[in-house]
Amino acid sequence: MSSAGQPPTTVTIDDTGNDQNWTTITNSYDCSGFLVATNTIMDNGSTVSETFFGPQRLSLTVTDTSANNANWASRTTEWNWQGQKTARTIEYDNGDERIERFDAVTGTRTQRTDIDGNDDKPWTSITTSYDAATGARIGSEKVLDNGRIETLTFDADTGVRTSRTLTDGGNDNPWQSKSLTYDANTGQLTERETVFDDGRTDTITYQNGKKASQVLTDGDNDTFDWVTRETTYDANGRLALAQEVRDDGDLVVETYAGGRLTGQTTFDNSGNEAWHVEEVTFNTAGDVVDTTYYDESGNLLIF
């Protein structure tokens with residue numbers, strides 16, 4: 001070995017007598033004479049490469065033989081300086097690749113990424129995440145060939161899917177993303193949100209499988225004469241309340257009974273009317289039965 005202060009050195013050993021299962025071993029040393037890497041060429045054409053930090057091996061890469069005996073081209077395992085495994089990579093003959101990450105403390109696999117290097121699948125990559133303590137699947141992300149991304153999350157205890165999000169990476173849909181949220185115990189749908197290309201949003205919540213509320217927001221193109229429209233539903237899924245904030249700031253609140261419109265209250269926040277509040281009531285046939293007006297102080301107005 002070289003002494004401290006000397007440049008790194010490389011030493012190659014040849015199996016001239018052909019009495020080993022390897023052909024050559026090349027060792028590399030740092031300036032202090034510590035072994036930092038080895039590369040071994042085996043008789044069958046495969047190679048074994050290692051790196052070191054002091055006595056600890058940091059990586060091990062094995063390549064397949066020249067005869068291509070396995071379905072993989074190379075396998076690499078990595079450790080930290082304490083000897084705990086942190087990663088493993090497999091490159092396959094067809095160009096596909098698998099990358100795995102491990103928790104240094106528990107040794108549990110925390111992530112796996114499969115890459116479609118051969119382009120014979122409808123997706124580019126799939127990344128799955130796992131709980132570091134239990135190894136339970138907690139999430140996944142699939143990137144499709146058309147640019148769309150599908151993201152899933154799972155409850156670590158129940159294994160139930162808790163969310164699913166589609167992102168329109170290829171921009172071939174009128175929406176940017178669609179997100180579904182599920183109950184971690186029952187798997188029932190609890191919320192659905194759609195974000196459109198023009199900035200509009202549509203958020204729906206569910207209870208016991210029935211629509212409970214819906215919130216719509218207008219987008220950058222100002223398509224509607226309102227900014228937001230929010231509706232809520234009763235236990236039977238029938239419309240119970242609707243609130244609409246208009247572009248001019250006015251607020252319209254509608255009440256329903258059994259899905260039928262019973263009242264409508266308009267707040268003239270823009271100041272365009274001679275009244276501040278208009279209250280309209282309807283009968284079961286939907287006909288107006290009474291209209292009442294109030295000023296900003298709540299005083300009854302007679303027109």
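Points worth noting:
- The set of residues from segment 194-204 being surrounded by fewer than 18 Cβ atoms within 10 Å (Cβ to Cβ) and within 18 Å of G237 (Cα to Cα) comprises D202, T203.
- Those residues of segment 67-108 which are over 28 Å from the mean Cα position of the chain (by Cα) and hydrophobic (A, V, I, L, M, F, W, C), in sequence order: A67, A70, W72, A73, W81
- For segment 1-51, filtering for residues that are in a loop (DSSP other than H, G, I, E, B), small (G, A, S) and within 25 Å of T76 (Cα to Cα) leaves 2.
- Residue within segment 126-140 that is over 30 Å from I204 (Cα atoms), part of a strand (DSSP E or B) and either in contact (Cβ under 8 Å) with a residue 24 or more places away in the chain or in contact with a strand residue (DSSP E or B) (Cβ under 8 Å, 6 or more places away or on another chain) (or both) present: no
- Breaking point among (1) over 39 Å from the mean Cα position of the chain (by Cα); (2) within 30 Å of D197 (Cβ to Cβ); (3) surrounded by 14 or more Cβ atoms within 10 Å (Cβ to Cβ); (4) small (G, A, S), for G237: (1)
- In segment 262-294, the residues that are among the acidic types (D, E), over 46 Å from the mean Cα position of the chain (by Cα) and buried (at least 16 other Cβ atoms within 10 Å of the Cβ): E278
- Qualifying positions in segment 21-55 - in contact (Cβ under 8 Å) with a residue 12 or more places away in the chain and out of contact with any strand residue (DSSP E or B) (no Cβ under 7 Å at 6 or more places or on another chain): C31, S32, G33, F34, N44, G45, F53, G54
This table checks each residue for (1) farther than 24 Å from R109 by Cα; (2) surrounded by 15 or more Cβ atoms within 10 Å (Cβ to Cβ).
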position: T40; (1), (2): yes, yes
position: E50; (1), (2): no, yes
position: S59; (1), (2): no, yes
position: W81; (1), (2): no, no
position: G95; (1), (2): no, no
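- Residue that is at negative phi and of a type in the set (D, E, K, R), where the choices are D145, D119: D145
- S213 passes every criterion in (1) under 27 Å from A156 (Cα atoms); (2) among the hydroxyl-bearing types (S, T, Y); (3) in contact with a strand residue (DSSP E or B) (Cβ under 9 Å, 6 or more places away or on another chain) apart from (1).
- All positions within segment 73-118 that are part of a strand (DSSP E or B) and of a type in the set (S, T, Y): S74, T76, T77, T86, T89, Y92, T110, T113
- Taken as a whole, the condition of being over 30 Å from K121 (Cβ atoms), more than 32 Å from the chain's Cα centre (by Cα), of a type in the set (D, E, K, R) and at pLDDT below 95 applies to D225.
- Filtered by the rule that a residue be aromatic (F, W, Y) and either closer than 21 Å to D225 by Cα or at pLDDT 95 or above (or both), segment 270-303 gives W275, F282, Y293, Y294.
The values are calculated or read from the model by the stated rules, or taken from the named source; none is laboratory data. Source: prediction; values computed, not measured. Neighbour counts are summed over all protein chains in view; Cβ atoms, including those assigned to glycine, are modelled from backbone coordinates with ideal geometry.
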